[in-house]
1. Out of (1) in contact with a Lys or Arg (Cβ under 6 Å, 6 or more places away or on another chain); (2) over 19 Å from residue A:286 (Cβ atoms); (3) in a loop (DSSP other than H, G, I, E, B), what's the single condition that is false for residue A:182?
2. Looking only at strands (runs of 3 or more DSSP E) that fall completely inside the stretch B:14-112, which ones have 2 or more residues that are more than 14 Å from every other protein chain (Cβ to nearest Cβ) and modelled with pLDDT of 95 or more?
3. In the stretch B:296-331, which residues are surrounded by fewer than 24 Cβ atoms within 10 Å (Cβ to Cβ), of a type in the set (D, E, K, R) and out of contact with any helix residue (DSSP H, G or I) (no Cβ under 7 Å at 6 or more places or on another chain)?
4. Do any residues in the stretch A:201-218 that are free of Cβ contacts under 8 Å to residues at least 12 places away in the same chain have Cβ atoms under 9 Å from those of residues that are of a type outside the set (Ser, Thr, Tyr) and in a helix (DSSP H, G or I), where the two are at least six apart or on different chains, and which pairs are they?
5. Any idea how many residues of the stretch B:170-206 are assigned to a loop (DSSP other than H, G, I, E, B) and either within 13 Å of chain A (Cβ to nearest Cβ) or in contact with a Ser or Thr (Cβ under 6 Å, 6 or more places away or on another chain) (or both)?
6. When you scan the stretch A:38-59, do you find a residue that is under 19 Å from the mean Cα position of the chain (by Cα) and of a type in the set (Asp, Glu), even just one?
7. Only one of A:88, A:103, A:79 is touching a residue at least 60 places away in the same chain (Cβ under 8 Å), assigned to a loop (DSSP other than H, G, I, E, B) and within 30 Å of residue A:217 (Cα to Cα); which?
8. Do you know which residues across the stretch A:186-205 are closer than 19 Å to residue A:39 by Cα and touching a Lys or Arg at 6+ places or on another chain (Cβ under 9 Å)?
Amino acid sequence: MLEKLSRLDGVAGQEKAVGEAIAARLREIGLIPETDRMGNIIARREPADPTDPAAAVHMLLCAHMDEVGLLITDITAEGFLKFSPVGGVDRAVLPAKRVRLHGSLPGVVGIKAIHLQKPEERKKLPEIDAFYIDIGATNREDAEKQVKIGDMACFEDSWREFGSELFMGKALDDRAGCALLLEILARDHPCRLTGAFTVQEEIGLRGAQVLANSVRADLVVVLEATAALDAPETEPEETVTVLGGGPVCYLMDAGAVYPRELVRAVTDCARTEGVPLQYRRGAAGGNDAGALQTAGAGLRVVTLALPCRYIHTMHSVASREDYRNWKKLILAFIARQCAAATPPPPGKGA
Amino acid sequence: MPDSDEKWRLLRELTAAFGPSGQEDEVRRLIATTATARADEIREDTLGSLIVRRRPATGGGRRVMICAHMDEIGVMTTHIDEAGFLRFAPVGGFRTAQMEGQRLRFQSGLTAVLARQFLEPGQDKTENRRYYLDTGLGPEALAAQGIDVGAMAVFAAPLTETAATVSGKALDNRIGCFVLLEALRRVRSRHDLYFVFSAQEEVGLRGAKTAAFALEPDAAYIVDTTIADDIPRNPVATLRLGAGPAVKVMDRTIVVAPARRDAVAALAQSAGIPFQWEIIDRGGTDAGPVHLSRGGVATAGIAVPVRYIHSPAETAAKSDILQACDLLVRCLEADFPAESG
């Protein structure tokens, strides 16, 4: 499923293809996908046994469907496409990379050949507005037959097995979360579970803001992919997360301070289950948890993530073992929250 | 009114309490205990804000939210090495590079010094990652004290006093908490009062946002500290210690409606309370999310000027604090507060 989702294109604001694949899978597992006006896809799984006290607990699990990409802003007389980044795109990863439009039209991000660069040009990366996409068009008219301003270009699919335990692909942030959420929704749980596949996370947590207006829950678990920094010569305290170190529990980011008792509950759960767990060092960045935590009267949030190298590039790399442990941890965490299940006291989590 | 020592004892306890954003439990407990005698209802919400309700003797008044944030800036542990040195991320506006040599304190009481690692020539000493905390303990001893990754620390600085001033950590915004508690003790209002001691202000004005949504107030008063700039060689000082509480005109998150701001100023004038106008282009306050809650909330702000804000030696004038209490009580006892304008 993750391979299938990674191969689909869904730049923030144009997540339709991803949404359709997810909706189809939800129907296969017997759930009824609903789509809100933003495009978030929501599916509800009722408790396995409605007489179980845990059936009163309502958990919301979220993963975002969108990925970073490029928005076409202009077509030049020569037939080249100018663009603006959508979400956090590092211009250093763009030159000479393959992109595609409409799921199939190939393009390449143009760059001046090294032979032609002046010595000072070789030292410095051009600004993003100097880049363009070449789709092989002969001129503007030819390009306009294939592309409109406002279309989005997506990084070229790069899915492959990688080494003995790893895999590579684009958009693992956060198709990995989507794939895991589908796996979780395919199972019975003692509590009521709402799964939300959100849109437009990469451009400001926008889908989640609207989602939070319509869904209340006792507890929210955000499933994310997060940056690993385990490159050579990285000091131990500067590795944000590492591949193979197990799933990642967030402590604090730019959008949320995660409640300490929930972080402790995750930690205890991992220890009991024998799952390796790492905390995310560093507090930069944010995710849907920030929007959800402060929506309405507030929600209790925890973020559990898959560590991922080269995030926001065409070639993100993650570990199968981490994915398996991530799944094990979240299933156990849901089960433990259910077992603890007296619903929160009145006045909490309203 | 309790005698002077008793009064400043409460502020001393409030500033001593541990309460970085997201881990406010200690200061929340202290405020709840202090407020109990005059509260009709006390609850904690999902984000950790404490909501203290004071009902009117008779019905007919408006629902008023009075908000002061109780959290303080600090740091969060992100890594502990084999020697026990701790790396950290700032919590709120903690300016690491300016705090070298300062003493910090964990909730357990353990203190640490904020120090800078060995730097090669040319390495940037303004970066947070160049700094660490040294508690003197190794990793096992830290674990035994419950200090792990995720543990927060705040400035370790007891409140000091002169006849005219107080100085210490977390005056931003335990002064606001103090003002609210003092108003709760004294006020005789016909309005339904909700005193909100908000969580997580310093990391993004979060607790006040969800509290305002839940309470749906007709009007709101935000009590916070503000940046006093009456320092040597400043030719354009606008906020001075000892010149009275400041009435908010604007900060980065709100332009106060002129009618709201002028109503507060008129109450100050009629009561003979000196005041100054607060106009700052740095920093936002809980007034931002509160006035934008749901369909909008008529919001005014009262601020106490503080020098050296976000340091271990935040300094304020006692007279400004007491006059802020007087002004807030006047506001809550006035008839109007709901009319927007």
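The values are calculated or read from the model by the stated rules, or taken from the named source; none is laboratory data. As the structure is a computational prediction, the values presented were derived from the model and not from experiment. Cβ placement follows ideal geometry from the backbone for every residue including glycine, while neighbour counts extend to all protein chains displayed.
1. Answer for residue A:182: the failing condition is (3).
2. Once the strands (runs of 3 or more DSSP E) in the stretch B:14-112 are filtered for at least 2 residues that are more than 14 Å from every other protein chain (Cβ to nearest Cβ) and modelled with pLDDT of 95 or more, what remains is B:63-69, B:103-106.
3. B:307, B:318, B:326 - these are the residues of the stretch B:296-331 that are surrounded by fewer than 24 Cβ atoms within 10 Å (Cβ to Cβ), of a type in the set (D, E, K, R) and out of contact with any helix residue (DSSP H, G or I) (no Cβ under 7 Å at 6 or more places or on another chain).
4. A:204/A:291
5. The qualifying residues number 8.
6. no
7. A:88
8. Selection gives A:194, A:195, A:198, A:199, A:200.
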